[in-house]
Amino acid sequence: MQLGDVATWVAAIGTVGALAFTAYTVRRQVDRERRADDYQRRLFAKRVSITIENQLQYAEVFNDSPDTIYNVGVYVRARASGSVIARGGNLQNFIAPGAMNRFRFMPTDASDSSMPDSVCFVQFTDANGYRWNRYMMGLLEEVTQIPNPDGDQGRAYAKLVRLSVVERFKSFDVVNGSPETIYKVRVYTVDKSGNEIVADSGIAAEAIASGQHYRFNLAATGAVSAMSPDVYCIAEFIDVSGRWWHRYMLGRVDEIGPMPALVRRRLPWRGTI
């Protein structure tokens, strides 16, 4: 073996060793950052609490974290079977920081009159897209992201919300033909060329129940002529799953942000302690 061959092998071994050490260092750094991320996320999630009243008739969820929480539901689960025996109605779209929401428990098909030994917990999605169970006794666990249970059904339900003209450019009815309540409903017209809101209903209707309608009177914003024929008329609303929709009078349906995008993907941790 020539001396040059030995030198080449030594250099190669040194390069491989350096690469291995770099990979090891990067892996350790990633692991440290992942542990720090998990620790900070848990600190925030632990500041959400649940209490019950009147022997499992009501639950109150208090969000003491600095971020809004989304798709909030409360549940009672039997210890023996693991079945959910009561739930607090529909998911709440969100609970703002420092706010408290009250839920009324309703028995499920798995319930019985004896109310067996059970645990009560709140399930929610944090501002970075992580899903949690927070138990009344203090336990916190991260759970699998809730799948989008609506799929195309959510869009199909959104298409059953209709706009009808009462007085051209001024007054519109929103008819909720879907089987579920819609929330935070507002109506406005948008100029097609400049994409500016030219007339707006102002304050949103908090809810429109299934089969009901609500009349919105629009006021001009002054952006362009509110009487321009070249406008879109749009109903904006949030469904029971927290998905946010635009329903156009001509039939188009768009899912928009920010809430749906926020709760369907994980984002890098942005919180500070």
Qualifying residues in region 220-273 (those that are within 23 Å of the chain's Cα centre (by Cα) and small (Gly, Ala, Ser)) - the one modelled with the lowest pLDDT: ALA261
Number of the condition not met by ASP64 [criteria: (1) under 26 Å from ALA209 (Cα atoms); (2) charged (D, E, K, R); (3) modelled with pLDDT of 90 or more]: (1)
Condition broken by VAL74, with the remaining ones in (1) buried (at least 20 other Cβ atoms within 10 Å of the Cβ); (2) at pLDDT below 85 satisfied: (2)
Residues (farther than 11 Å from VAL174 by Cα and hydrophobic (A, V, I, L, M, F, W, C)) located in region 186-206: VAL190, ILE197, VAL198, ALA199, ILE203, ALA204
Matching residues in region 161-179 - criterion: being surrounded by 16 or more Cβ atoms within 10 Å (Cβ to Cβ) and not basic (Lys, Arg): VAL161, LEU163, PHE169, PHE172, VAL174, VAL175, ASN176, SER178
Qualifying residues in region 77-102 (those that are of a type in the set (Lys, Arg) and exposed (fewer than 13 other Cβ atoms within 10 Å of the Cβ)) - the one farthest from GLU206 (Cα to Cα): ARG79
Filter result for ASN128 (touching a Leu at 6+ places or on another chain (Cβ under 8 Å) and modelled with pLDDT under 85): yes
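Each row is one residue, and each column tells you yes or no for (1) assigned by TED's automatic domain parsing to the domain that holds TYR232; (2) closer than 22 Å to GLN92 by Cα; (3) not in a loop (DSSP other than H, G, I, E, B).
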| residue | (1), (2), (3) |
| --- | --- |
| ASP173 | yes, no, yes |
| GLU180 | yes, yes, no |
| TYR188 | yes, no, yes |
| ALA199 | yes, no, yes |
| GLY202 | yes, no, no |
| ARG215 | yes, no, yes |
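The values are calculated or read from the model by the stated rules, or taken from the named source; none is laboratory data. Because the structure is predicted, anything quoted here is derived from the model rather than measured. Glycine gets a Cβ as well: all are built from the backbone with ideal geometry, and neighbour counts include every protein chain shown.
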